[in-house]
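Following: one structure in structure tokens, then a few remarks.
Just so you know, all these numbers are worked out from the coordinates, no wet-lab data involved. Computed from a predicted structure; not experimentally measured. Quick reminder, even Gly has a Cβ in these numbers, built from the backbone with ideal geometry, and neighbours come from all protein chains shown.
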Amino acid sequence: MKLRLLADVHISPITVAELQASGYEIHRVTEVLPAYASDAEIIERARHEESVIVTQDLDFSALIAQSGLNHPSVISLRVGDAKPQVSSRILKTALPLIEGDLLEGAIVSLEETQFRVRKLPI
């Protein structure tokens, strides 16, 4: 299975474009759902498409953990410097290391120099 990513509205279009240029299959939520889509609708879309949600919003991790779901996986980007180029660099560095966990079902908290993986369901 190939890793697919669905970027929440908090992820810059610049970051999405840089990841696409690096060969990742990634789309912004606003490309596939209305801008007013709820978190539950985004989670359902990610489940249906077998995509990983990339976000800076902790709500997704909490909703999925509380639901007992084993998918979709979530990358929770927890960085102090949220400039698009910084987010892109961090994601491009970490994705090869966490891809297997994401494909199996996980919530990954990704910081500037480290990450934590929690297997789903939690």
Membrane-span-like helices in the chain: DSSP H runs reaching 24 Å or more (Cα, own axis), mean Kyte hydropathy at least -1.0? 84-104
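Counting helices only, and only those DSSP H runs with n ≥ 4, report the 222 nm mean residue ellipticity of the chain as the sum of -39,500 (n - 2.57) divided by its residues, in deg cm²/dmol to the nearest 500. The partial results should precede the final answer.
Numbers: 5 runs with 54 residues, N = 122.
Counting only the DSSP helices, I get -13500 deg cm²/dmol.
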Net lengthening on full extension, Leu69/Glu112 (0.36 nm per residue, minus Cα-Cα): 12.8 nm
Among Ala7, Ala46, Leu91, the residue whose Cα sits farthest towards the positive end of the charge dipole of the chain, when +1 is placed on the Cβ of each Lys and Arg and -1 on the Cβ of each Asp and Glu, is Leu91
Reachable lysines, given that their alpha-carbon falls under 20 Å from the alpha-carbon of Lys83 and they are not under 8 places away in the same chain: Lys92
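If you count, for each residue, the other Cβ atoms within 10 Å and average over each peptide, how do 100-109, 17-26 line up from highest to lowest? Could the numbers behind the result be given before it?
Working: 100-109: 18.1, 17-26: 14.9.
Descending mean neighbour count gives 100-109, 17-26.
When the chain is fully extended, how far beyond the present Cα-Cα distance does Glu25 get from Asp59, taking 0.36 nm per residue of separation?
Values: separation 34, 0.36 × 34 = 12.24 nm, distance 2.33 nm.
Stretched out fully, the Glu25 to Asp59 stretch lengthens by 9.9 nm.
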For segment 4-119 the mean separation of alpha carbon contacts under 8 Å (6+ apart) over residue count, i.e. relative contact order in percent, is 25 percent
